[in-house]
Structures are given as C-alpha cells and as structure tokens.
Amino acid sequence: MSHNIVCVGKIKEKYLQQGIDEYVKRLGPYTKLQILEVPDEPVGENLSAASLEIAKNKEGEKILSKIPPDSFVIVLDSRGKNLSSTELSEKLDNLAVGGQSRIVWVIGGSCGCSQAILDRADYLLSFGRQTFPHQLMRMILLEQIYRAFRISRNEPYHK
C-alpha cells in the first residue's frame, strides 16, 4: 500500500519541516510515502467570499491533478468523521484487505477544500473541531499514519 499526501503550500518553519522529516523517515519501513505540494493561492485578510471561493477552486484544481484515478481519497475536513487512532488503524487495515493499494490524503489550504475536492473524496476525516494551520496538519497527519501502522502491527507506541 502506498500513501500520498497532497497538500497546499510549502513548509516555511524549520521546526515543522524537521518533524515532518522525522515521521517520513519512521514511515519508510511501513509504506511507500510521497508528499505532493501544490502552490497556494494568495489570499489576503480582507478578500470577499467570492474571491476566497475562487482561490479555493484554483487550489482544488491543482490538488485534483495530483490524484490518480484509482486512489482512495481521504480528505481532512472538520465535517468529517472523527476517529480514534485505533479506529483509523482499523480503517486503513480494512482498505488494504479490501484491495486498496493507494491512499491519497488531501490537506487543503488556509481556506479549506473546494467542493470539487469534497465531491472526489471517498472519505472525510476530521481531527476535531479545532482549527489547525494546514502546515501543522501535515505533521499531525504523518504522526497519525505512523501510529496507525504501529497499532496495526501490535508494536509499542505511547498512548
């Protein structure tokens, strides 16, 4: 099984990049992992709702171009299902047993995901009702994928 993370924007903070690099390294023995970044659209603080929607749609088009047609797409969205780490591990195990060989995770930009991305999603996943910076979400997601593999293999990992 391979995992691709399609995300908007580049990591700017060194500490986040170091954390991401650490989890990418830890995931190496478990899965083929690829992080695909698409450029974010410039959005100011005072853009109209219509302008924000245009930016979201442009980012959405770029994201969609990175998703192979045979992928199972999990979009991070606050309206998604909130799973425990054990439940996420079981979900990934069930996908593997069901023959899904490619999982694509989508982390939208600061404005969220376009409707086209939500329509393409096979599953919406929430990490809670709080709002996290999309760059930080990349590291949180990697940690949870790593934890899911450890749980699945009954390997020790802190709770």
Using only alpha carbon positions, build the gyration tensor of the chain, then give the equivalent ellipsoid semi-axes as the square roots of 5 times its eigenvalues, largest first, whole angstrom.
26, 17, 14
How far is helix 85-97 tilted off the main Cα axis of the chain, in degrees rounded to 10, range 0 to 90?
80
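Can you give me the % of accessible surface on the stretch 34-159 that is carbon or sulfur? Probe 1.4 Å, all protein chains present, nothing else counted. Walk me through the numbers on the way to the answer.
On the way: 3430 of 6960 Å².
Roughly 49 percent of what the probe reaches on the stretch 34-159 is carbon or sulfur.
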For helix 49-64, what angle does its Cα long axis make with the longest principal axis of the chain, in degrees from 0 to 90 and rounded to 10?
40
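How much space per residue, in cubic angstrom, does the convex hull of the C-alpha atoms of the stretch 49-94 take up?
On the way: hull volume 4.4 nm³, N = 46.
Convex hull volume per residue, Cα atoms: 95 Å³.
Could you tell me which of rounded, prolate or oblate describes the stretch 81-159, using a ≥ b ≥ c as the square roots of the eigenvalues of the alpha-carbon gyration tensor, with rounded for a/c under 1.5 and, failing that, prolate when a/b is larger than b/c and oblate otherwise? Intermediate results must be reported in sequence, preceding the final value.
Values: a/c = 2.26, a/b = 1.34, b/c = 1.68.
Since a/c reaches 1.5 but b/c is at least a/b, the shape of the stretch 81-159 is classed as oblate.
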Residue-ordered couplings for the stretch 108-125, obtained by feeding phi - 60° into the Karplus form 6.51 cos²θ - 1.76 cosθ + 1.60 and rounding to whole Hz (Gly and Pro as x), are x, x, 5, 9, x, 9, 6, 4, 4, 5, 4, 5, 6, 4, 8, 7, 9, 10
What are the extents of the Cα atoms of the stretch 48-129 along their three principal axes, listed from largest to smallest and rounded to whole Å?
44, 30, 15
Please list ASP93, ASP77, ASP70 from largest to smallest accessible area, probe radius 1.4 Å, with all protein chains kept in place.
ASP70, ASP93, ASP77
Between helix 134-152 and the chain: long-axis angle, C-alpha atoms, 0 to 90°, nearest 10
20
Work out the count of Lys pairs in the stretch 56-100 where the Cα-Cα distance is under 25 Å, with the pair 8 or more places apart or on different chains.
7
Listed by chain and number, the residues whose amide H is under 5 Å from that of ARG102, excluding neighbours fewer than 5 places away on the same chain and using placed H, are SER2, PHE72
Mean separation of Cα pairs under 8 Å and 6+ residues apart, divided by the residue count of the stretch 71-147: what relative contact order is that in percent?
52
Treating only the Cβ atoms of Lys and Arg (+1) and Asp and Glu (-1) as charged, compute the dipole magnitude of the chain about its Cα centre; round to the nearest 20 debye.
380
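For the stretch 1-82, what number results from the quotient of the Cα radius of gyration and 2.2 N^0.38 Å?
Numbers: Rg = 15.1 Å, N = 82, 2.2 N^0.38 = 11.7 Å.
With N residues counted in the stretch 1-82, Rg over 2.2 N^0.38 Å equals 1.29.
The values are calculated or read from the model by the stated rules, or taken from the named source; none is laboratory data. Since this is a predicted model, take the numbers as computed values, not measurements. With ideal geometry, Cβ positions are generated from the backbone for all residues, glycine too; neighbour counts draw on all protein chains shown. Side chains are part of the model used for accessible areas, which takes the heavy atoms of the whole protein and leaves out ligands, DNA and RNA. Shrake-Rupley method; radii C 1.70, N 1.55, O 1.52, S 1.80 Å.
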